[in-house]
Amino acid sequence: MYIITKNVLTRTPARHNDALFSPASYSPIGTPRTRKTTAGSGKIVYTLGNPTIINNAQWSLSTQPKITVKQLLQHNGKTLDSKAKYMHDRLSQKADVAADRIFNISKSLCMKVFDGKTEDYVLSHVDVHTQETVKTVGTIYSDYDGALDSASTLLVGSDIMMCRTVRLNFSKMKSVAVFPGQVVLASGINPRGDVFVVEELFAEQDLMMPSPPRLAEQLSFVVAAGPFTNDDDLAYDPLQDLVTYLKENKPNVLILTGPLVDSNHKLIKENVTRTETFEMFFEKLMDGIIDTVGTDTTILVVASYRDVHADPVYPTMPMTLSRTCANVHMLPDPSLVDLNGLTIGLTSTDILDHILTQELAVNAGDKVKRAVNYLFHQKSFYPLNPPIEDTINFDSDLANKFANIDQIPNIIILPSDQKCFLRLVNGCLAINPGRLADVNGGTFARFIITPTDPKEENNPFSYIGCQVRKV
């Protein structure tokens, strides 16, 4: 068994794995120590943006503008906080939320398909028996547990009296991309009444591109996603490596997405004997980061339902610190924030991997852009329904209030087990920084946003320089 005491990890006689690490294997974050350098440390694995900005980049803060953090995800003027109640939504409330979502998205799809002509909105029930081409709206679901395939995809519609379903046949389509929970408008025929033969599928509504950032000064960012320690110890070596980098390259903004103390870590899942709480351990991790980075860097910490001391629900309430620091902001998952006129969407939940493992995609192009577009067109940080079983405790009422994407941000942070990436999608820079702790060497992202030239404000490449770097 392992004992966490005074920021030092020690051990007592255990039944197994007794030689995993020595009593001195953990030291406070920010404490100088000697350890073997990770292979490829410092290597740039991905680059996107203006070559001039990247080549001339000063990754350490060159200016110290005052940064104002404003949370934009609100319901009735309030943000998601630790006082929120969860798992109180009734089945009738879930049905109402689903019905409202279908109505709002299908209305936007109809506006695009029918070119705004309301008199042309002629829609049929999903299970209408017809040999004439009709249009219908509904939600994609699977006929059985597991990922979608060509034989299991259903379209579920509804009316006041009953729920209606029909199986979808995509044999007439050259390409298709659908996932469970996606609201779509389908055009086709249903000659037998039990199979809708899809001729066209509409899932993309007209989107408003994000407004260009209104920055007065250049801002530099570092983004790192948990887990922050290797899966065979609690030494937090990858986090220590990141802090070492931050000592020499202090950004204007540091973004950390959980989990910081991962409930899925095998040493935490086992019977760990502790002389302090997980909350106290988390506080000490944060103290090391805050003391090293200093007060000139704004720190954003996004909660995760996988954090052992966090509420195990999605959306997830922000974690708390007993220490008050003006430059440290504890955020819920998901979050949408405004930083001096730059909007950033943030989540710690791996929605990309969840969707990509459940979707049906044939000749559908770049999977990263496709998955990011799912979020924008479904207007949600987590549009997958049902959620991945035994992975996430999804609260539909809280999600309806605090997980919507009503506006496309300038930047969206989407940590994922998928390979790290940088993409421009609908005018938004999508970033997967990778995992800081990874068996193949962890990664993090860094980027610079410069004030926009009025002549180039609609071209994000002109004011962005971004890299993914080995830790």
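Annotations for the structure displayed:
- Percent of Cα pairs exceeding the 17 Å cut-off, where the set is the stretch 92-202: 52
- Correct option for Cα extents along the principal axes in Å [calculated from the coordinates] among [x] 66, 53, 49; [y] 74, 62, 42; [z] 64, 61, 51: [y]
- When only the Cβ of Lys, Arg, Asp and Glu is charged (+1, +1, -1, -1), the dipole of the stretch 92-202 relative to its Cα centre reaches about 160 debye.
- With a Förster radius of 60 Å applied to the C-beta separation of N393 and K455, the computed FRET efficiency comes to 0.80.
- On the stretch 92-202, 51 percent of the accessible area sits on carbon and sulfur atoms, based on a 1.4 Å probe.
- Per residue value of the accessible surface for the chain (all protein chains in place, 1.4 Å probe), Å²: 45
- Cβ-Cβ FRET estimate between R90 and D143, R0 fixed at 22 Å, reported to 0.05: 0.25
- Measuring only protein heavy atoms, the 1.4 Å probe finds D353 accessible over about 40 Å².
- Exposure of L285 as accessible area (Å², to 10), given a probe of 1.4 Å and all protein chains: 0
- Rounded to 0.05, the FRET efficiency of the T320 and K172 pair, given R0 = 51 Å and the Cβ-Cβ distance, is 0.40.
- Additional length obtainable on full extension of the chain from V362 to E276, 0.36 nm per residue less Cα span: 25.8 nm
- With all protein chains modelled, accessible area of T244 [1.4 Å, Å²]: 70
- Straightening the chain between S263 and D232 buys 9.8 nm, computed as 0.36 nm per residue apart minus the Cα-Cα spacing.
- Screening the chain for DSSP H helices whose Cα atoms reach 20 Å or more along their own axis and whose mean Kyte hydropathy is at least 0.0 gives 91-113, 278-293.
- Taking the DSSP bridge list for the stretch 92-202 and keeping only pairs wholly inside it, about 90 percent are antiparallel.
- Selection among N169, Q182, V195 by position relative to the dipole of the stretch 92-202 gives Q182 as farthest towards the positive end (Cβ unit charges, Cα centre).
- Computed extension gain for R214 through I44, at 0.36 nm per residue and net of the alpha carbon distance, reaches 58.3 nm.
The values are calculated or read from the model by the stated rules, or taken from the named source; none is laboratory data. These figures come from a predicted structure and were not determined experimentally. Cβ sites come from the backbone with ideal geometry, for glycine too, and all protein chains shown count toward neighbours. The accessibility values were calculated without ligands, DNA or RNA, using every heavy atom of the protein model including side chains. Shrake-Rupley method; radii C 1.70, N 1.55, O 1.52, S 1.80 Å.
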